[in-house]
1. So which of Thr58, Thr36, Thr136 is in contact (Cβ under 8 Å) with a residue 60 or more places away in the chain and more than 18 Å from the chain's Cα centre (by Cα)?
2. Restrict the check to the stretch 413-427 and report whether at least one residue is in a helix (DSSP H, G or I), on the phi > 0 side of the Ramachandran plot and surrounded by fewer than 11 Cβ atoms within 10 Å (Cβ to Cβ).
3. Filter the stretch 207-226 for residues that are closer than 11 Å to Asp162 by Cα, free of Cβ contacts under 8 Å to residues at least 60 places away in the same chain and of a type in the set (A, V, I, L, M) and give the result.
4. Which number in (1) touching a Ser or Thr at 6+ places or on another chain (Cβ under 7 Å); (2) touching a residue at least 60 places away in the same chain (Cβ under 8 Å) marks the one condition that Arg97 misses?
5. Glu138 - would you say it is out of contact with any helix residue (DSSP H, G or I) (no Cβ under 8 Å at 6 or more places or on another chain) and buried (at least 22 other Cβ atoms within 10 Å of the Cβ)?
6. Between Arg201, Arg252, Arg275, which is basic (Lys, Arg), within 28 Å of Leu46 (Cβ to Cβ) and in contact (Cβ under 8 Å) with a residue 40 or more places away in the chain?
7. Any chance the stretch 334-348 includes a residue that's in contact (Cβ under 8 Å) with a residue 60 or more places away in the chain, surrounded by fewer than 19 Cβ atoms within 10 Å (Cβ to Cβ) and under 22 Å from Ser392 (Cβ atoms)?
8. Spot the failing condition for Gly210; the list is (1) touching a strand residue (DSSP E or B) at 6+ places or on another chain (Cβ under 6 Å); (2) closer than 19 Å to Ile283 by Cα; (3) modelled with pLDDT of 95 or more, and only one is missed.
Amino acid sequence: MSELNAPAGTPFFHYDNSQLMAESVSIAELAERYGTPLYVYSRAALKAAWESYAQPLTNRNALVCFGMKANSNLAVLQQFAQWGSGFDIVSGGELARALKAGAQADTIVFSGVGKQDWEIKAALQAGVKCFNVESTDELERISSIASQLGCVAPVSLRVNPDVDAKTHPYISTGLKDNKFGIAIEIAAQVYQRAAVLPGIRIVGVDCHIGSQITQIEPYLDALERLLNLLDTLAGIDIALEHLDIGGGLGIRYQDETPIAPAMLLDEVFAMLQARGYGHLQLIMEPGRSLVGNAGILVTRVQYLKHHQSKNFAIVDAAMNDLLRPTLYDAWHGVLPAVSRSGHSSEAQPRVYDIVGPICESGDWLARDRELQLSQNDLLVIESAGAYGFVMSCQYNSRPRCAEVMVDGDQSYLIRPRETVEELFASEQMLPG
């Protein structure tokens, strides 16, 4: 039995004889039933990832808010809501999705650097837990809108601690050159301004330093700087209710060694207790680590091209379905849905680039992978549960693919495949 990049020791994705399985359903069966390309999620994998946070937080004053920008399918959100998750949102659309999926508004934190008036109003009317404020202009706008509505906005300042998360530069968010947050050097005076603004109630401090973090030191470095800020705030009579350390824990795509949530949490609570802030509620905003290894992308080989210098497997998934390789030069494992290991086959092992049909040279899913392939074979792109479908688009007028949730020996269509007609159903031609 061989396993995909699911958490070690789990049966979520595995080979049964030569068939790759999602829990107790074969990938080939899913492809036959729902077509390809196809996103497949394991409910059991989602639950196991959730428990990796929930268990070490038992009997602790803490709230896990799923960073739903990683995966916003309603069925995925529904599961987390039922398990007790809050949600970290970055748009009015995500607010509507979270509420539709059953989220309690008072467990929602609203992050993001560019909140518009209508989004702020919607969040205030819904009664979100807090706004993670990312600029002084935003703070003033929230105050104005809250005053107009006759309500009070709970706010937390997102502080930029200038800490290197040692991750890809596109997903690093805690350096002074990044667009996110308020510089920690001026945070105290911004809190003083917030304290006198109408329609504002200070409830916390927030920090998020990046994504796909596989070292614990950047978290502890950022936390140390936050605790120093709390000391300063205490000296000017500004009290907080919670401390939000963001998300960003990484997963295994290739050979990474992810941080176990329990290991980080033990260190964080020890530091809070030692500095006299054990009474604060701790908020975390994990995204990728809850869904990344719980999803795969299934695709079918359309054509094989064997050149002198390069071999290409042209599949029916493309950069519009999974953008991460093109955008971040990201590495995803590739496995056959039906293993030829130990079986005679006319197909010879070759080193392939796995590419899609989009008219861009940047349209690739994996490079230099040794595979034994024939036309019409099914391939699985591993660890595609985070920043997969949510970043997909309709480039080249390609309908977005379907999404399926597997639960034991059952599968559920949680998003139907888009049709060609739906691509332009809302468009209007000029008269005449």
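1. Details: Thr58 fails: in contact (Cβ under 8 Å) with a residue 60 or more places away in the chain; Thr136 fails: in contact (Cβ under 8 Å) with a residue 60 or more places away in the chain.
Of the residues listed, the single one that is in contact (Cβ under 8 Å) with a residue 60 or more places away in the chain and more than 18 Å from the chain's Cα centre (by Cα) is Thr36.
2. no
3. Across the stretch 207-226, the qualifying residue is only Ile209.
4. (2)
5. No.
6. Of the residues listed, the single one that is basic (Lys, Arg), within 28 Å of Leu46 (Cβ to Cβ) and in contact (Cβ under 8 Å) with a residue 40 or more places away in the chain is Arg252.
7. No, the conditions are met nowhere in the stretch 334-348.
8. Failed condition: (3).
The values are calculated or read from the model by the stated rules, or taken from the named source; none is laboratory data. Because the structure is predicted, anything quoted here is derived from the model rather than measured. Note that each Cβ is placed from the backbone with ideal geometry, even for glycine, and that neighbours are counted across all protein chains shown.
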